[in-house]
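The values are calculated or read from the model by the stated rules, or taken from the named source; none is laboratory data. Computed from a prediction, not measured in an experiment: that's the story for all the values here. Positions of Cβ are backbone-derived with ideal geometry, glycine not excepted, and every protein chain shown enters the neighbour counts.
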Amino acid sequence: MARPALAQERVFALRETIARLEGRALPEQAAAEAGLLAERLAECPDRAVAPQGRAEEARLKTDVAAFDQALEGGLPRDALTEIRSLGFRHAGAASGFALSLAALLQAAEPDGTCSPVLWIGERMGGGEAGLPYPPGLKAFGLDISRFFQALPQRLEDALWLAEAALDSGLFAATLLELRGNPAAFGLTESRRLSLRAKAAGRPLLLLRQAGEEEASSAAFRILAEPAPALARRLPDGSMLGGSIGHPVFRLTLEKSRNPAPLSFFLEWNPHDRRFLALDPARQAQAFEPKAAHSGASFSASADRPDPAPALGSVLAFERAFERAS
């Protein structure tokens, strides 16, 4: 009875803190849900103990050999990893790749463990890039019954919440979303979060929307960009012409121990929760701009559009003068 009570107290206290940071009171319904969630977590093995097993167990393999090799064996489960987008027009690609990693981390937990995911967003960033949509998260491969979202009003509260989430050891992945390069988050703050992740043995995914490269303590920094999707694969292995397949990400490993930045094209299969490497040359050929109208196109004009009349010409000047006189 002691462990269920302790788990219920920890989860309820964390949820109450999130509500206070968002500037709202915790309703009774949410309190009841927090209690039910705490009971589910209490039935699972204790998550407060950080995994300190073999070295390969501290890495999350994506089953893409080249990408895992570039990541020195896989995504670190006890470090800070930064995922960056060039602008808000690429926010969907950066968020999608971060959520796909969270889905892999959630699925890679030992059997019988309850592994929620915490998304710590930013209000301004959410207004530009949008907020997580539960049906979409479910279709993307996440367990939405164990997905939490927080929208603190200040960056300082978001950083504190990320540290508390790492210290609790309850979450399979913690996602911290930032907008641009705020002055309140620099090398010192990233260093503190990195040490927290290392001590807790839990991963922290820093999602920097529309941000520039800057010095940080992240083990890796990945630039995520959208890429054209291929056609949908049929069970027999053929492609369904005219269809849109799974999302594809163009990933550039900006910070690593590799001598030069490396780029990869990965396709995410949410049903199987796995990545598939795509050929860059084939991916470049797959994107062929086509006319908006699928029917027959008009022939090109011979004389081109009619040019604008020369400036300074006066038409029917004599007739206008006669009418005036």
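Values for this structure:
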{"quantity": "Residue check for L137: closer than 19 Å to G92 by Cα, assigned to a helix (DSSP H, G or I), hydrophobic (A, V, I, L, M, F, W, C) and in the same structural domain as G96 (by TED's automatic domain parsing)", "calculated": "yes"}
{"quantity": "Among (1) buried (at least 19 other Cβ atoms within 10 Å of the Cβ); (2) part of a helix (DSSP H, G or I) - the single one W119 does not satisfy", "calculated": "(2)"}
{"quantity": "Residue match in segment 235-250 (condition: among the basic types (K, R) and closer than 23 Å to A172 by Cα)", "calculated": "no"}
{"quantity": "Yes/no for Q149 being in a loop (DSSP other than H, G, I, E, B), in the same structural domain as I83 (by TED's automatic domain parsing) and either touching a residue at least 40 places away in the same chain (Cβ under 8 Å) or touching a strand residue (DSSP E or B) at 6+ places or on another chain (Cβ under 7 Å) (or both)", "calculated": "no"}
{"quantity": "Leading residue by the ranking (farthest from the chain's Cα centre (by Cα)) among those in segment 230-239 that are more than 10 Å from L278 (Cβ to Cβ) and surrounded by 12 or more Cβ atoms within 10 Å (Cβ to Cβ)", "calculated": "M239"}
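One line per residue, one yes/no per condition, for (1) under 20 Å from the mean Cα position of the chain (by Cα); (2) surrounded by fewer than 16 Cβ atoms within 10 Å (Cβ to Cβ); (3) closer than 18 Å to S85 by Cα; (4) not assigned by TED's automatic domain parsing to the domain that holds E128:
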residue: G141; (1), (2), (3), (4): yes, no, no, no
residue: L155; (1), (2), (3), (4): yes, no, no, no
residue: L159; (1), (2), (3), (4): yes, no, no, no
residue: A162; (1), (2), (3), (4): yes, no, no, no
residue: A184; (1), (2), (3), (4): no, yes, no, no
residue: A199; (1), (2), (3), (4): no, yes, no, no
residue: R202; (1), (2), (3), (4): yes, no, no, no
residue: L207; (1), (2), (3), (4): yes, no, yes, no
